[in-house]
Amino acid sequence: MPGKLKVKIVAGRHLPVMDRASDLTDAFVEVKFGNTTFKTDVYLKSLNPQWNSEWFKFEVDDEDLQDEPLQITVLDHDTYSANDAIGKVYIDIDPLLYSEAATVISGWFPIYDTIHGIRGEINVVVKVDLFNDLNRFRQSSCGVKFFCTTSIPKCYRAVIIHGFVEELVVNEDPEYQWIDRIRTPRASNEARQRLISLMSGELQRKIGLKVLEMRGNAVVGYLQCFDLEGESGLVVRAIGTACTLDKLSSPAAFLPACNSPSKEMKEIPFNEDPNPNTHSSGPSTPLKNQTYSFSPSKSYSRQSSSSDTDLSLTPKTGMGSGSAGKEGGPFKALLRQQTQSALEQREFPFFTLTAFPPGFLVHVGGVVSARSVKLLDRIHNPDEPETRDAWWAEIRQEIKSHAKALGCHAVVGYSESTSICEEVCILSASGTAAVLNPRFLQDGTVEGCLEQRLEENLPTRCGFCHIPYDELNMPFPAHLTYCYNCRKQKVPDVLFTTIDLPTDATVIGKGCLIQARLCRLKKKAQAEANATAISNLLPFMEYEVHTQLMNKLKLKGMNALFGLRIQITVGENMLMGLASATGVYLAALPTPGGIQIAGKTPNDGSYEQHISHMQKKINDTIAKNKELYEISPPEISEEIIGSPIPEPRQRSRLLRSQSESSDEVTELDLSHGKKDAFVLEIDDTDAMEDVHSLLTDVPPPSGFYSCNTEIMPGINNWTSEIQMFTSVRVIRLSSLNLTNQALNKNFNDLCENLLKSLYFKLRSMIPCCLCHVNFTVSLPEDELIQVTVTAVAITFDKNQALQTTKTHVEKSLQRASTDNEELLQFPLELCSDSLSSHPLPPAKEHLESASSNSGIPAAQRAVTVEKASPVGDGNFRNRSAPPCANSTVGVVKMTPLSFIPGAKITKYLGIINMFFIRETTSLREEGGVSGFLHAFIAEVFAMVRAHVAALGGNAVVSYIMKQCVFMENPNKNQAQCLINVSGDAVVFVRESDLEVVSTQQPTANCQSSCTEGEVTT
Amino acid sequence: MLGPGARSGISALPEVAWRRHARPQQCPARGARAPGVAMTSELDIFVGNTTLIDEDVYRLWLDGYSVTDAVALRVRSGILEQTGATAAVLQSDTMDHYRTFHMLERLLHAPPKLLHQLIFQIPPSRQALLIERYYAFDEAFVREVLGKKLSKGTKKDLDDISTKTGITLKSCRRQFDNFKRVFKVVEEMRGSLVDNIQQHFLLSDRLARDYAAIVFFANNRFETGKKKLQYLSFGDFAFCAELMIQNWTLGAVDSQMDDMDMDLDKEFLQDLKELKVLVADKDLLDLHKSLVCTALRGKLGVFSEMEANFKNLSRGLVNVAAKLTHNKDVRDLFVDLVEKFVEPCRSDHWPLSDVRFFLNQYSASVHSLDGFRHQTLWDRYMGTLHGCLLRLYHD
């Protein structure tokens, strides 16, 4: 019985009128957790009831605490008939389960009804008393921190990055149960909301368990999605990267020892096995030796030797996914590869991160992706996860083999997605093949890594561009040159990746958003035939998307894509492909060649003229773009570089494959044969259209930039003004003689018009950059195309923006607001400190730390506080208080980025993961489809903000709207929409306010690090 | 759950369904189209974490323009040239704003709700702007309804007012409903009228005072629409209303009464009859005249006219007071003041400074009338009237 949940219902306000006669409401509240329900008294005749209830106490297992949401229902008491529900609030209490995050949830929550939307607000206080769980074989994973952020969270430091975790749970979709025929839409929606909430909780708990088995304490880059499979069920799946994180300001983080002092120190108060980590002799070794003696294989064997005393660390559970680990293959592999790098021992060496600690990323190979078409009605046992697990395992295996073919042992920036239409489902996975620095991946000291990194990697900022594969044994025909930066290593002519631009990369000019858009009609078909048709179309789509991307990249005069995301959406009668990426000019890569147009019928004079006219237009556009994006690479004469390696030219770094339900895998060569130059052949009207469409992409108006990565290269002085937004458009195609060409044009116009609208709407923020522009396409019905965009507009200071920083030092300043440099500088400084100015052997220091709970002498601690100070709760509350006296609602910022410009994130309060359904039977009255969805999205934002504010936070970072499923039936005056959003609730402090806060006592640090103890074990 | 089916055309312009004046419209062309394939926009929304408020569009919305008209007006303003946007973009943007405003309207009806609601995150300065602009009114409109009963009957007249003033019917409705809403809320409240309005509608001091005047006029149904009153502005009436609220209402004597600032002090009005003696008693009248004339001799450009007219003017002013016991006469207060005082003076071309001299002396000399016992009453009456008359005295 490890937890006591306490809930107090304080008051309500702005309640709807439930009694027409009196224009008032007799409201009371039901508080439900698990199977226990409490009720408040009825507060008669008021729209602003003051219940001020007692503390309702629930005594529950922590397993339930993780799975179940707290459910608060506000009702109107009716003496004669059934009580009417006003609405509900679901509160995820997970943030209260790890001690570093929020300690109390308290605030006004919108009361939400799936039919009526928000109906007033309720003030609730929630607390959790957790008892220590001594049971080793527990099912809960309380204490594992979750982050949506796809980089190491700002106030943490990665000690170890363990690797990929995934989980998948399946349930029957309440909307497809027989009971749905007799229950009300409200009951059905609520059942669905509750189920997904439960499943998310369960999923998170299971992933947490895997993380604990891997001895991690956090999941970074956590991405949870749900698939509405329809008849066959409802799937909630999640992937993430398990890590061991250390709070930057906690003293334990600066102990020289690698893996154990912090753990031991924390374990003592909990009376656990006093020496669980048999290899914790580490601390007694002098730091320097230890650092360099850590070879990957050694570390691994140590880890496994210790597994007998700790949670069982069998390769199966510890290294990979539970679902696919049953094959037993990985175990053998592990034994075989003990001498290889730690990464290759993992079943899936995947990382959902898109930005990395310095030195982590060694080389980048290119984008790897895999798709597979599946039939949902062929699932043998739809209620069990096995089939889906096998599907995903298969795809991951493919990804892994692609990465291997590129000479890479890992995949970074990894993500998975699905697209479902009726019984057909396309599973997609993509990532960037990479070679990583193995020292981050095991129980080694990061301090050591950092030192070494400085020696090894600093001179080669271009290192990540260098090819990881063998030049003589290339996986595909490629055109290599010597790196334009170091002149030593080979680099490809273009580089496609799914990750963010590494901070130390040298970029010339600014970047820009590049999109490839494509539609393909397909015949309506059933089951197998349909799946085959789709499977046959996929390779062509990928090929064309890739060609478009390449053409547009060349047209922009750039040579690399970051943040590439290719989305293939399946509909009844068409397939849509949308690829978004941020193009940049990497200094290390060669200057891209132009685009040449060739006609097929060279004898026709007027045709020739036309071609040359087009050629001129293209050349002009390239020149204009170079000017626009300030791309002016230094001229390098060919002799210095050396002649290009005489390989057939190729433009593809994209290794991809697709398979259909029959599991047949086809490889596709995306290189355009053996053509010598980049030539567009115009042999028919289609090709002509393609060239035209290339030229119709209008650049953003002056003062605007856009990218789909976190930040824009070349802009480094963001102001604090940010505006996050979601825009949705649905267009209807009138399906008379639809052709691919017309469809492409429509889709292209839709996206372009949407972007134009955004630029217009945000014109008051100029100069400004749209960051993290995230397009999602869906095909809700036959002739409908829905595009959803979420992004953040950030203004910047124009004067300084024009200076392009080129040196590394300046580069890091570019991210000043993200306090990234602290990751690097801080530990280094303290390490050297502890070595030079404190001649104590580490062991002694360790002892001292165990007794005093603080490993760092006071002098050093002071430094700690100054540099990165955590703030006590009290301070946060003050800080998050509204700046204006007359408004009681505090401002909560939302951003899809992992940071807030001009501010410092001081605390992560927990993950926000919310799912809402809204339905209406009076669509016209609510303003039609636009009115309905506009109101709903505004309500979703409001509920996210309210939850963050109740946790004591003032912002959501890494916010993402993962799903926005919209269905309408105007004939019946009905519409329904499902939205799933997530993000990290944080507390931030404006950089200008920081001095005030830094008068924090260091004692708070000790405490936070001690409580962290339960996390790391 | 929702089956596919053919659609009606409602989604092109969602407001149409619930906005009476909006004309059914065709969806505008979105960019160039390929022949044979048309695409129509079903849904088009933009939601910001901070609600975007475009002041210009807000004004157009408040002025009651339909989306089409608003787009046309924006095009005329040259915004397309400035921003390089297309008409389709402008249409989409205008619709978005209109939708937002429509959603905000419910909250604007009770401004404190706008501050406490969680759905729209709006910076406080913007909230204030939204409220202030929503409650702002047109001079032309307020002059039409000032002093009228804020009832359904009047609402029917809004059509005529709209035609007469050129203000859209929608805007007239909003303004009228604002007056009525404020009236209803503060009607039976204790305490200062201005404070109550400010507290419940969060208006600026200036606007709250204007509303106090509107509410006061509506409550007492002062006639303001007569032809001879047309030369008066809303400001003139508001000024008088403020003086009257300060001096003639229950609130002027007792600050704990319901309705204290809205109803005139009945007892006071009753007492005003006592002033009649100033004109009924011939000696008193003569004495009063001689006191005034002595004091003003040589100081007034229109002395002779004043001397000739004194008795008429005095009778006029005192009779107005004596009549105020009847509701009908209360309503005609401004008509009477203009007829009995402003017009005679104006026909003799009194300069404003002379009017001021005269009124000062006229009020003050009463204190020297030994036989007159109602000095306080006189001051309460004349103090206010003095200010009002000066304000009313212009062309």
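The values are calculated or read from the model by the stated rules, or taken from the named source; none is laboratory data. In this text the structure is predicted, and so the values were computed from the model without any measurement. Glycine also receives a Cβ, built like all others from the backbone with ideal geometry; neighbour counts cover every protein chain displayed. For the accessible areas, the whole protein counts, side chains as well, though only heavy atoms, and no ligand, DNA or RNA atoms are used. Shrake-Rupley method; radii C 1.70, N 1.55, O 1.52, S 1.80 Å.
Placing +1 on the Cβ of every Lys and Arg and -1 on the Cβ of every Asp and Glu, with nothing else charged, gives region B:72-196 a dipole about its Cα centre of roughly 380 debye. Figure legend: label point modelled 7 angstrom from the Cα of B:Arg76 along Cα→Cβ; residues of region B:157-175 with amide N under 20 Å from it are B:162-172. Quick one: which of A:Lys510/A:Lys624; A:Lys490/A:Lys510; B:Lys149/B:Lys323 span more than 19 angstrom between C-alpha atoms? Long pairs (Cα-Cα over 19 Å): A:Lys490/A:Lys510; B:Lys149/B:Lys323. For region B:385-391, 3J(HN,Hα) computed residue by residue from phi via the Karplus equation (6.51, -1.76, 1.60; θ = phi - 60°) reads 4, 3, x, 4, 4, 4, 5 Hz, glycine and proline entered as x. Along its principal axes, chain B has C-alpha extents of 98, 44, 35 angstrom, given from the largest down.
Roughly speaking, what is the stretch gain from A:Val698 to A:His613, that is 0.36 nm per residue apart minus the C-alpha to C-alpha distance, in nm to one decimal?
Taking A:Val698 through A:His613 to full extension adds about 28.7 nm, to one decimal.
Computed over neighbours whose Cβ is under 14 Å from that of A:Ser415, the net charge equals +2, Lys and Arg +1, Asp and Glu -1. Exposure check, 1.4 Å probe, all protein chains in place: A:Glu781 carries approximately 40 Å² of accessible surface.
With a Förster radius of 25 Å applied to the C-beta separation of B:Lys184 and B:Ala140, the computed FRET efficiency comes to 0.55. Note on region A:554-595: Rg/Rh from Cα positions, Kirkwood definition for Rh, rounded to two decimals, is 1.18.
Once fully extended, how much extra length lies between A:Asp84 and A:Ile179, figured as 0.36 nm per residue of separation less the alpha-carbon to alpha-carbon distance?
Numbers: separation 95, 0.36 × 95 = 34.20 nm, distance 2.11 nm.
Working it through step by step, the gained length comes to 32.1 nm.
Residue-normalised convex hull volume from the C-alpha trace of region B:297-395: 99 Å³ per residue. Computed log10 I(q)/I(0) for region B:175-214 at 0.19, 0.20, 0.23, 0.33 Å⁻¹: -0.43, -0.48, -0.64, -1.29, from the Debye equation with unit scatterers placed on every C-alpha and solvent omitted.
Tell me the Kirkwood radius of region A:114-238: reciprocal of the mean inverse pair distance over distinct alpha-carbon atoms, in Å. If you can, show how the numbers build up before the last one.
On the way: mean 1/r = 0.0579 Å⁻¹.
Computed over region A:114-238, the radius equals 17.3 Å.
For the interface of A with B, what's the total buried accessible surface in square angstrom, probe 1.4 angstrom, rounded to the nearest hundred? Each step should come with its number before you reach the end.
Details: alone 38350 and 19940 Å², together 52530 Å².
It comes to approximately 5800 Å² buried between A and B.
A simple spin-label model places pseudo-atoms 7 Å from Cα toward Cβ; at B:Thr165 and B:Asp370 they are separated by 5.6 nm.
In this structure, the amide hydrogen of A:Ile597, modeled 1.01 Å from its nitrogen in the peptide plane, lies closer than 5 angstrom to those of A:Leu680, counting only residues at least 5 positions away or on a different chain.
How many partner chain Cβ atoms sit within 10 Å of a residue's Cβ in peptide A:716-723, on average, as a whole number? Show your work: numbers first, answer last.
Details: counts 0, 0, 0, 0, 0, 1, 2, 4.
Across A:716-723, the average partner-chain Cβ count within 10 Å equals 1.
The separation of region A:733-766 from region A:175-191, counted between C-alpha centres, amounts to 37 Å.
Ligands, DNA and RNA excluded, the heavy atoms of B:Asp138 present near 50 Å² of accessible surface to a 1.4 Å solvent probe. Computed over region B:37-96, the percent of Cα pairs more than 15 Å apart is 54. Here r is the Cβ-Cβ distance between A:Thr37 and A:Val965 and R0 is 35 Å; the resulting FRET efficiency, rounded to 0.05, is 0.65. Restricted to Cα atoms, region A:50-89 shows a radius of gyration and a Dmax of 14.0, 40 angstrom. Shown is the FRET efficiency for B:Asp205 and B:Asp379, computed with R0 = 30 Å from the Cβ-Cβ distance and rounded to the nearest 0.05: 0.65.
Determine the calculated [θ] at 222 nm for chain B from helices alone, applying -39500 (n - 2.57) to every DSSP H run no shorter than 4 residues and normalising by the residue count; nearest 500 deg cm²/dmol. Intermediate values should be presented prior to the final figure.
Working: 21 runs with 235 residues, N = 395.
Roughly -18000 deg cm²/dmol at 222 nm, from the helical runs in chain B.
I want to make sure I understand the PRE zone here: with the label point 7 angstrom from the Cα of B:Arg297 toward its beta carbon, which residues in region B:321-360 have backbone N atoms less than 14 Å away? What the label zone holds, given the 14 Å backbone N cut-off, is no residue at all. Taking every protein chain into account, the 1.4 Å probe leaves A:Arg439 with about 60 Å² of accessible area, to the nearest ten. Determine the sum of side-chain charges near B:Leu243: Lys and Arg each +1, Asp and Glu each -1, restricted to other residues whose C-beta is under 15 angstrom from that of B:Leu243. Computed value for this residue: -3.
What average count of beta carbons from other chains do you get within 10 Å of the Cβ of residues in B:48-60? Please list the in-between numbers first.
Details: counts 13, 18, 9, 2, 6, 0, 3, 0, 0, 0, 0, 0, 0.
The mean count of partner-chain Cβ atoms within 10 Å per residue comes to 4.
Listed cross-link partners B:Lys113/B:Lys152; A:Lys552/A:Lys626; A:Lys4/A:Lys57; B:Lys276/B:Lys299; A:Lys761/B:Lys113; A:Lys8/A:Lys907 are compared with a 18 Å cut-off, the Cα-Cα value being larger for B:Lys113/B:Lys152; B:Lys276/B:Lys299; A:Lys761/B:Lys113; A:Lys8/A:Lys907.
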